[in-house]
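Taking it in order: structure first as structure tokens, then the write-up.
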Amino acid sequence: MWKWLHPYAKTESAYQLCSSLKPWLWGGALLSLAVGTVWGLAFAPADYQQGDSFRIIYIHVPSAILSMGTYVAMAVAALVGIVWQWRTAFMSMIAMAPVGALMTFIALFTGAAWGKPMWGAWWVWDARLTSELILLFLYFGVMALYVAFDDKQQAGKAAGVMALVGVVNVPIIHYSVEWWNTLHQGATISKFDTPSIAPEMLWPLLINLLGFALFIAAVTVVRLQNEILRREIHRPWVQQLAASRLEQKKVEPRHAV
Amino acid sequence: MIECLPIFYSQRAEQGLSGLIGNNLTCYKQDRCLFQNLNIHLQSGELVHLRGPNGAGKTSLMRILVGLTSPEKGGVRCNGLDISTPAIAKDMVFIGHKPGLNGLLSAEENLMYWSAQHEIAVSSTAIHEVLESLSLVGMEEIPVKNLSAGQQRRVALARLWLKPATFWLLDEPFTSLDTEGIAMMETVFARHVSRHGAILMTSHQSLSERAGPFRIEQLEYQL
Amino acid sequence: MRALYKGIIKRDLELAFRQKSELMQPLMFLLVVVTLFPLGIGPGPDTLQRIGPGVIWVAAILSSLLGMERLFRDDFADGSLEQMQLSGLPLYQIALCKIITHWLVSFTPLLMLSPLLALFLNLTLSMYVALLITLLLGTPVISLIGAIAVGLTTGLQRGSLLLALLLIPIFIPLLIFATSAVESAAMQLPYGPQIAIIAAIMLVALALSPFAVSYALKVSQN
């Protein structure tokens with residue numbers, strides 16, 4: 001069943017796959033982000049309680065969901081790398097890490113910006129914001145561990161182990177923080193508790209979620225290509241690639257003249 | 001254009017053959033290819049001197065052959081069994097760059113704990129005898145960090161006397177030994193080989209005739 | 001079993017007692033940090049009682065990070081670790097033995113020091129009992145999870161700050177459940193659930209960590 005994936009354990013074919021995926025991912029990301037954001041910000045109806053300030057969910061919720069999702073994806077990549085000894089799996093894991101951290105940061109930033117009108121404070125130790133913050137620390141840990149090693153292959157494996165330890169911890173952290181929150185603040189009305197959301201509000205949210213996911217994938221693919229090139233700079237196929245690129249550049253101006 | 005090429009081919013080893021066999025070994029360090037598709041064969045009754053310039057991957061090859069590191073590609077088998085099989089450890093001694101001695105413990109304690117880990121029944125008088133033959137009399141109780149580098153190396157090499165193993169893999173065993181020590185080690189090597197032992201060692205100095213017949217394998221530096 | 005006991009546990013205990021100062025320093029640190037809180041926040045007995053469990057746990061986690069590196073650092077640096085790996089003993093068992101000795105050596109003194117800390121921070125007897133139980137069940141988690149990170153960073157020269165960065169977020173649930181157990185005890189409420197969760201975390205860590213540590217050590221040896 002997974003046989004078709006096997007060739008992509010090789011860096012060269014992974015690079016080719018990235019090249020062919022890249023335009024689709026970027027196109028899809030830009031299209032759905034444009035549609036979702038314009039629909040959400042301009043055309044979706046305002047919330048009867050929060051007015052227009054609720055519209056930040058079109059950024060906040062997708063980034064929050066995908067910050068967790070990216071971490072899980074990193075852990076899956078790490079597991080694949082550890083079990084089947086794929087260099088490209090560790091490379092793609094490390095390509096995802098900063099993108100995921102960025103998503104976490106966006107979720108935290110928009111959460112804080114939303115908190116100001118809602119709670120009157122920039123930062124409240126709300127359960128979900130706190131778990132997002134801890135998630136950001138977990139991302140930092142994985143990235144710091146990767147940077148600390150000189151041997152990037154060793155670095156990938158080490159960061160992979162840490163990502164797996166982290167992913168086991170994410171649900172524990174999530175529930176423990178939630179529990180801690182109810183213990184210390186009593187029942188606060190969580191701003192995210194929207195049991196039923198009107199479909200005209202939901203659709204742009206889903207489109208934006210897709211857009212964010214495609215955007216993460218697109219950036220990951222670009223970063224993965226860079227990582228592969230940087231790591232394999234001495235390999236013949238990279239040098240052939242560079243040579244052929246150089247050729248193209250030389251040819252073009254001649255045509256122009 | 002830089003391409004990794006196979007460096008040397010001992011005859012291509014078959015599975016189930018006796019001896020220590022590295023098959024199609026490929027090793028990368030810091031994304032640099034040290035060697036690719038390398039085959040190496042160490043049989044009982046032979047002494048192999050692994051040579052090559054600094055950075056050629058002698059130590060990496062050594063660590064792959066004892067199973068400390070796993071190669072990018074290829075595998076190591078010993079007497080037909082995969083190198084990760086615990087039973088193989090009983091028939092092998094590896095002495096690396098690092099002496100494997102804790103500076104706070106004395107020579108005797110270091111060797112006692114090491115023997116316990118390797119499940120060798122050794123009395124402390126036996127350890128004293130070995131240390132004596134290595135001219136370390138009176139040094140048994142001193143913390144190892146207070147010994148000189150050459151003396152520390154001798155304590156590390158004492159393992160060869162304590163553990164009855166066929167395969168000796170020695171990474172630079174002569175570092176900081178004096179000429180007398182080197183001569184003694186060479187006679188010990190010759191004796192071990194004559195008793196159907198097998199030795200793979202690296203050293204930047206050539207072996208003298210005292211070590212008996214030996215084979216040289218050359219490892220080249222590659223970009 | 002004999003090889004593990006004589007070769008690893010006895011050796012590590014022996015080594016720990018040869019460097020008593022390294023053993024004592026984290027404890028002194030713990031004591032000093034706990035002393036800082038009444039000075040920084042004010043000596044009101046009620047305030048101290050409220051923050052006490054949190055302070056003790058935070059200080060315990062921080063002080064344990066100081067000595068954590070000892071777990072594999074020396075053995076890795078002098079090559080004893082590679083000799084252990086080549087002994088034919090399974091690496092996960094070696095790791096588990098080293099973790100057990102680490103716990104014995106660094107946390108039993110902490111447990112003995114805990115009555116003094118409880119006095120300093122004005123904990124009641126029932127709070128102290130809860131604290132003791134959480135420490136007994138929770139500190140093994142610190143050793144077990146910490147060993148994974150130590151195993152990963154042991155080949156790096158400057159790993160200690162990185163170790164804190166990696167580990168502190170992971171210990172947050174432990175901190176939450178432990179302090180909440182002690183707070184429940186302060187309010188005369190049952191704290192069984194929290195203890196049960198800590199015990200569960202400990203057992204999961206006990207089951208998985210030795211294997212993760214052995215993988216981490218293999219990565220470090222590469």
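Every read-out reported here was derived from the displayed coordinates using simple, explicitly stated rules and does not represent laboratory data. Predicted, not measured: the structure shown is a model, and the values here were computed from it. Here Cβ is always computed from backbone atoms with ideal geometry, including for glycine, and neighbour counts include all displayed protein chains.
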- [ ] Please find the FRET efficiency linking A:VAL72 to C:LEU39, where r is the Cβ-Cβ separation and R0 is fixed at 41 Å, and quote it to the nearest 0.05.
- [x] 0.40
Task: Spatial extent of chain A: Rg and Dmax, with the Cα atoms as the point set, Å - done: 21.4, 75
TODO: Classify the range A:15-108 as rounded, prolate or oblate, taking a ≥ b ≥ c as the square roots of the eigenvalues of its Cα gyration tensor: rounded when a/c is under 1.5, otherwise prolate if a/b is larger than b/c and oblate if not.
DONE: oblate
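Near C:MET28, within a Cβ-to-Cβ distance under 15 Å, what is the net charge of the other residues, with Lys and Arg +1 and Asp and Glu -1?
0
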TODO: Identify, among C:SER220, C:GLY79, C:GLY138, the residue whose Cα sits farthest towards the positive end of the charge dipole of the range C:2-221, taking +1 on the Cβ of Lys and Arg and -1 on the Cβ of Asp and Glu, with the dipole about the Cα centre.
DONE: C:GLY79
TODO: For the range B:50-100, just the Cα atoms, rotate onto the principal axes and tell me the three extents in Å, largest first.
DONE: 32, 28, 16
Task: Local electrostatic count at B:GLY45 - Lys and Arg +1, Asp and Glu -1, tallied over other residues with Cβ under 14 Å - done: +2
Open item on the list: On a full-extension model of 0.36 nm per residue, what is the gain between A:ALA34 and A:ARG245, subtracting their alpha-carbon distance, rounded to one decimal in nm?
Closed with: 72.7 nm
Task: Selected from A:ASN181, A:LEU102, A:SER92, residue furthest toward positive end of dipole (chain A; charges at beta carbon) - done: A:SER92
- [ ] Using R₀ = 30 Å, calculate the FRET efficiency as 1/(1 + (r/R₀)^6) where r is the Cβ-Cβ separation of B:SER133 and C:GLU14; round to 0.05.
- [x] 0.70
- [ ] Report the net charge of residues surrounding B:SER148, where surrounding means a beta-carbon distance below 12 angstrom and charges are Lys +1, Arg +1, Asp -1, Glu -1.
- [x] +2
Task: Alpha-carbon Rg/Rh ratio, for chain B, with Rh computed the Kirkwood way - done: 0.97
TODO: Calculate, for B:SER44 and A:GLN50, the FRET efficiency according to 1/(1 + (r/R0)^6) with r their C-beta to C-beta distance and R0 60 Å; round to the nearest 0.05.
DONE: 0.15
Open item on the list: Explain nothing, just the number: dipole magnitude of the protein assembly as shown about its Cα centre with +1 on each Lys and Arg Cβ and -1 on each Asp and Glu Cβ, in debye rounded to the nearest 20.
Closed with: 1020 debye
Task: Unit charges on C-beta of K, R, D, E only; dipole of the range C:2-221, Debye - done: 340 debye
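Given the Cα-Cα distance of B:ARG191 and B:SER206 and 0.36 nm per residue of separation, how much length would full extension add, in nm?
3.6 nm
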Open item on the list: 7 Å from Cα along Cα→Cβ at both B:ASN24 and C:SER126: what's the point-to-point distance in nm?
Closed with: 6.9 nm
- [ ] Would you mind checking the pairs C:LYS6/C:LYS218; A:LYS152/B:LYS29; C:LYS10/C:LYS98; B:LYS90/B:LYS163; A:LYS157/B:LYS90; B:LYS29/C:LYS218 and listing those with alpha carbons more than 18 angstrom apart?
- [x] C:LYS6/C:LYS218; A:LYS157/B:LYS90
Task: Dipole magnitude (debye, nearest 20) for chain A, charges at Cβ of Lys, Arg, Asp, Glu - done: 960 debye
Open item on the list: Considering just Cα atoms, how many Å³ per residue does the convex hull of the range A:16-55 enclose?
Closed with: 58 Å³
Task: the range C:2-221 shape via C-alpha gyration tensor axes, a/c threshold 1.5 - done: prolate
Task: Percent RCO, i.e. relative contact order, over the range C:6-139, from Cα pairs under 8 Å lying at least 6 residues apart - done: 37 percent
TODO: Give the Rg (one decimal place) followed by the Dmax (whole number) of the protein assembly as shown, computed from C-alpha coordinates and expressed in Å.
DONE: 29.9, 96
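Rounded, prolate or oblate: pick one for the range A:60-134, where a ≥ b ≥ c are the square roots of the eigenvalues of its C-alpha gyration tensor, a/c under 1.5 means rounded, and failing that, prolate if a/b is larger than b/c, else oblate.
In terms of gyration-tensor shape, prolate.
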- [ ] Using +1 at the Cβ of each Lys and Arg and -1 at the Cβ of each Asp and Glu in the protein assembly as shown, identify which of C:VAL33, B:THR125, B:ASN23 lies farthest towards the dipole's positive end.
- [x] B:ASN23
